[in-house]
Amino acid sequence: AHDFRSTSHDSEDTELRFVTCQSLWNQIKSETEQIQEDLNKQLLDNLVSFLSRSHSDFQEKTTKWTCRMKFREIPTAALVLGVNVTDHDLTFRGLSDVLQDNITPYVALLEAKDCPGIKNLMQKLMGQLMNCDVEVDSLEDEDCVQVSQNRIRCSMPSLISWYESVTKETDSETPSKKRNSSSRHWQSPPVVVIFKDMESFTTKVLQDFIVISSQHIHELPLVLIFGIATSPMIIHRLLPHSVSSLLCIELFQSLSCKEHLSTIIDKLLLTSRFPFKLGEKVLQVLINIFLYHDFSVQNFIKGFQLCIVEHFYSQPLSVLCCHLADLKKRVYSLSHDQCENIRRLPSFRRYVEKQESGKQIELLTNDSFLKEETEKLLEDLHVYHENYVSVLRCLHVFTSSLPKYPLGKQIRELHCACLENQVWETEEYESSLQLARMLNKTDLVSMLQQCVEILMSSSGKEFDKSVEKLKEFLTQFQNLEAEASQERDVSGSSQKELQKKTDLYHLQKTLLELKESRRSKKLTKFEMLRFEVVDYIDRLVRKYLVPADNRTLHEIVYFNAATVLRGHLNAAPRTALHTALNNPHWYLKNQALKCDGGGISNKAPDICIVYKLHLECGRLINLVDWLEAFSTVVMAGEEPNAAAASSDQVDDIIHARFIRAVSELELLGFIKPSKQKTDHVARLTWGGC
């Protein structure tokens, strides 16, 4: 992150911007953690219920547990978390905390990288359960752990003995202590072993542990939890039937990462609680990284945090990106330079051009008048956000129920479409309107009811008339019920008259009249009302879903630097490597390395000199010529007659430096040995970066 207090964009409000940024991020972080806790609650509750069922069987020694003992089955939860592996740590931490707070203090989280063998696995398991540090790479007593002054052998019998001793101590406590401990943990609590990344464990390690554990399941209430990123079938691929049959498996599915992301966007971006907003291109960059790279919600949140830091660092007016309660005080404390920054904003300049000449002069010359207008415009921007979110949700109610989802199924897709341009001018929007004009009455009434609830929950009074209008539509739909039943009676009587006319001439005449009437048929009352409803929603969209770029002073609260964000998040190693080798001053900030006109400084690192010389060569590079050029550059600033030195007089140290630099260049993949000529190397990279 940037250091605000040592920034090149120094201004008198740097400290305030830093504090505002920090406060805003803390609020968003707290909200994010609460969202994730709520989303995982159902999953954690189901796992606790599973543990409760498994453990009650062990405590009561019921017939069910006796049968399980007979078949040596270990209660196992297969937890399918999805391919967003970077988010798994948060889920497992939450699960571990819930288990340790309410069920059992004996929880071990194992990772494949720490358990290459069964001995390492037992060390890690016992070390975590006994709350002691384990030296995995210790040379002596490698299969032991240090507990207090004693060393305990890492084996299942030792674990069982330890478990029996600690549970016996708990049972022998005083009633008051026992009551306090039992309020948090169960009696004879289970030992929960969580395999965080099951796919990464070797088959032999898993097999050995499961077979050993199953032989002692009648003595130790062991419960396994497998963290699975792919599919539950991986259990049967990793384990043969003889081993998997020792597990009593129950499947648990976490929330989809896409649903998780939609909830995060809904709670953080589509709300007026937080003044900071993301522009369309920036939001699209974050969503594309999520969809096409890692499906990681945690990385999306980190990207969002980076946007906040970058906005408050690079935008001097971000001090005004605050809640309405603090807005007035901050606006009227603006300095003259900050007022000039406001006047330079493109959106404000467009706003000034639309005003009459007298007001233009005041806005451009009078700071006090400018501050009053700025306060009013930022308050209007806040109201715009509230109205935008409400109408966006109403539009989503309609578009998400349409076939083929022209504007997308998720609200984030609709939000991006509305931010990008005037959504009502797109073909997708027109298609959505046409499909909405064919909705049946039941769907239409349900959507109107949802829209009424959304608009009524809005904090402002802007939608009072809209709510009344939508309620009026609902009343009209109800009134159509009686009229529709009467029309059915009339159409039935006309059919009866048609059946009575058996004469061919009269029958043909009647059929022609019916056909003609259908051609010139007017819209029914229901169809007319349906058209009115869709047209009214269309008017709300055109009024309230204007893109944020059209709003004055949107630059203060919207972060739109998508190129900057992409540069931070999308790694470009080749470009960075070329810059470092071609222009080391860019990273090292050493003035002695600065070269103008494409020259080569003899002060540069050897690999930089060799790299710049290799750029001047063709497909094959003669090592002797390359060494002579390197020697010439290195010796240029040291001796006056360095240019006259021949290849026979090259110093051994320079020769060694050259060999090392060429080897480093080969390691980086820029050159390789040539089979055509032994004293040449082949160049592998071409073109600029």
Study note, to complete from the structure: Checked segment 200-235 for anything exposed (fewer than 15 other Cβ atoms within 10 Å of the Cβ), without any contact (Cβ under 8 Å) to a residue 60 or more places away in the chain and within 26 Å of residue 44 (Cβ to Cβ); matches are 233
Exercise for review: Among the numbered conditions (1) free of Cβ contacts under 8 Å to residues at least 40 places away in the same chain; (2) open to solvent by 30 Å² or more (accessible area, probe 1.4 Å); (3) part of a helix (DSSP H, G or I), tell me where residue 328 comes up short.
Suggested key: (1)
Check your understanding: In the set 246, 251, 261, which member is of a type in the set (A, V, I, L, M, F, W, C), surrounded by fewer than 15 Cβ atoms within 10 Å (Cβ to Cβ) and either in contact with a helix residue (DSSP H, G or I) (Cβ under 6 Å, 6 or more places away or on another chain) or in the same structural domain as residue 36 (by the TED database) (or both)?
Key -> 251
Check your understanding: Would you pick out the residues in segment 311-325 that are assigned to a helix (DSSP H, G or I) and open to solvent by 20 Å² or more (accessible area, probe 1.4 Å)?
Key -> 313, 314, 316, 324, 325
Study note, to complete from the structure: Within segment 577-621, residues among the hydroxyl-bearing types (Ser, Thr, Tyr) and either within 25 Å of residue 682 (Cα to Cα) or part of a loop (DSSP other than H, G, I, E, B) (or both) come out as 579, 601, 611
Practice item. Specify the residue that is nearest to the chain's Cα centre (by Cα); the eligible residues are those in segment 68-91 that are within 23 Å of residue 220 (Cβ to Cβ) and surrounded by fewer than 19 Cβ atoms within 10 Å (Cβ to Cβ). Key: 73
Exercise for review: Just give me the residues in segment 525-563 being closer than 23 Å to residue 376 by Cβ and part of a helix (DSSP H, G or I), in sequence order.
Suggested key: 543, 544, 548, 549, 550, 554, 555, 556, 557
Review point. Out of 102, 84, which single residue is at pLDDT below 90, touching a Lys or Arg at 6+ places or on another chain (Cβ under 7 Å) and in the same structural domain as residue 245 (by the TED database)?
Key: 102
**Study point:** Selected residue [assigned to a helix (DSSP H, G or I), more than 26 Å from residue 671 (Cα to Cα), of a type in the set (Lys, Arg) and open to solvent by 60 Å² or more (accessible area, probe 1.4 Å)] from 566, 574
**Key:** 566
Exercise for review: Output yes when any residue across segment 133-143 is at pLDDT below 90, touching a strand residue (DSSP E or B) at 6+ places or on another chain (Cβ under 7 Å), of a type outside the set (Val, Ile, Thr) and not assigned by the TED database to the domain that holds residue 97, and no when none is.
Suggested key: yes
Exercise for review: Scan 350, 343 and give me the residue that is open to solvent by less than 30 Å² (accessible area, probe 1.4 Å) and either in the same structural domain as residue 533 (by the TED database) or touching a Phe, Trp or Tyr at 6+ places or on another chain (Cβ under 9 Å) (or both).
Suggested key: 343
Practice item. Please go through segment 195-222 and pick out each residue that is assigned to a helix (DSSP H, G or I), closer than 19 Å to residue 155 by Cα and among the β-branched types (Val, Ile, Thr). Key: 205, 210, 211, 212
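The values are calculated or read from the model by the stated rules, or taken from the named source; none is laboratory data. The structure presented is a predicted model; accordingly, all values stated were derived computationally and were not measured. No Cβ is skipped: glycine too gets one built from the backbone with ideal geometry, and neighbour counts run over all protein chains shown. Heads up: the accessible areas ignore ligands, DNA and RNA and are worked out on the full protein's heavy atoms, side chains in. Shrake-Rupley method; radii C 1.70, N 1.55, O 1.52, S 1.80 Å.
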